[in-house]
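The values are calculated or read from the model by the stated rules, or taken from the named source; none is laboratory data. Treat the numbers as computed from the prediction; the structure is a model and nothing was measured. Neighbour counts run over all protein chains shown; Cβ positions are idealised from the backbone, glycine included.
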Amino acid sequence: MVGKLVSSGLVPLSFVLSYVTIISLMLQVGNGAEPLNGLSQNTSQLTWELYKDPENEFSMQYPSSWTLEPAENRFSDVDVEIVNGYDATNGLVQVLYYFTSDDISSMMKQYGVDQAELEKKIDIWFPQFVSGLSGEFDRFNQTGGAQYEKYTIDGHKAGSVVFSAEMSGQPLAGWVTATLIGNKIFVFQYGADQNTFATNLPIAEHMLNSIKILDDY
């Protein structure tokens, strides 16, 4: 299976560009676009659709009222983007699944572990992942530190972090969860305006919990 991105670092450029998307849509709202109301936190009241990656790598549920934007082709950095209507301030979810072979090999050598062990030792590579992310934002601040037990991605141990930051002077909040599967990193990210972030977080958590990895290699 051909990966979407061969990365020379644990954080691809597309990860940062995803939050540029949030900021640009925030500015559209500020320039007169009509904002949408946040969805209810009760996920049982929502109608869910099933998205299946065209390359048969993963599947995931998403609310039918959210807008699905799959990757244009297999070379796109982001596999799928799902927006709460037309207003990303109410919630934007993106999924990335990409090769990171060089970084995995160097970490295996550095820590004296094999690939299977590295997958389980989230606390080795996830802090480097977050460090790479923090350098791209102003006023980046983790909320409560990294979590290693709270979330999994289809049974795979995952690291997660909630943060606040600014980009182009606009405040945002983000939640990132990532896991290592073989020589690929699977990243689930949810972002929103800081004032609406908590409203749709349960919906994003439902989406994360619904993920099924169809291609482990």
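Inclusion of Glu149 among residues that are at pLDDT 90 or above, more than 16 Å from the chain's Cα centre (by Cα) and not in a helix (DSSP H, G or I) is warranted.
Of everything in the range 169-217 that is among the small types (Gly, Ala, Ser) and in contact with a Ser or Thr (Cβ under 9 Å, 6 or more places away or on another chain), the residue that is nearest to Gln128 (Cα to Cα) is Ala178. Out of curiosity, is Ser164 within 21 Å of Val93 (Cβ to Cβ) and in contact (Cβ under 8 Å) with a residue 24 or more places away in the chain? Yes.
Please verify whether the range 170-179 includes one or more residues that are in a strand (DSSP E or B), at pLDDT 85 or above, under 23 Å from Glu117 (Cα atoms) and not hydrophobic (A, V, I, L, M, F, W, C). So far as the range 170-179 goes, yes, one or more of its residues are in a strand (DSSP E or B), at pLDDT 85 or above, under 23 Å from Glu117 (Cα atoms) and not hydrophobic (A, V, I, L, M, F, W, C).
Scanning the range 114-133 for residues that are among the aliphatic types (A, V, I, L, M) and either over 21 Å from the mean Cα position of the chain (by Cα) or under 28 Å from Glu55 (Cα atoms) (or both) yields Ala116, Leu118, Ile122, Val130, Leu133.
Restricting attention to the range 91-113 and to residues that are modelled with pLDDT of 75 or more and within 19 Å of the chain's Cα centre (by Cα), the residue that is surrounded by the fewest Cβ atoms within 10 Å (Cβ to Cβ) turns out to be Tyr98.
Note on the range 36-53: among residues that are farther than 13 Å from Ser210 by Cβ and among the hydroxyl-bearing types (Ser, Thr, Tyr), the one that is modelled with the highest pLDDT is Thr47. Evaluate the following for Glu136: is it in a loop (DSSP other than H, G, I, E, B), more than 18 Å from the chain's Cα centre (by Cα) and surrounded by 15 or more Cβ atoms within 10 Å (Cβ to Cβ)? No, not satisfied. Could you say whether any residue in the range 180-191 is in contact (Cβ under 8 Å) with a residue 60 or more places away in the chain, buried (at least 22 other Cβ atoms within 10 Å of the Cβ), in contact with a Lys or Arg (Cβ under 9 Å, 6 or more places away or on another chain) and in a strand (DSSP E or B)? Within the range 180-191, one or more residues are in contact (Cβ under 8 Å) with a residue 60 or more places away in the chain, buried (at least 22 other Cβ atoms within 10 Å of the Cβ), in contact with a Lys or Arg (Cβ under 9 Å, 6 or more places away or on another chain) and in a strand (DSSP E or B). Does the range 54-82 hold any residues that are surrounded by fewer than 20 Cβ atoms within 10 Å (Cβ to Cβ), among the hydrophobic types (A, V, I, L, M, F, W, C) and at pLDDT 85 or above, and which are they? Residue satisfying the conditions is Leu68 alone.
Considering only the range 87-94, I want to know if a residue exists there that is touching a residue at least 12 places away in the same chain (Cβ under 8 Å), under 19 Å from Gly159 (Cα atoms) and in a strand (DSSP E or B). Yes, the range 87-94 has at least one match.
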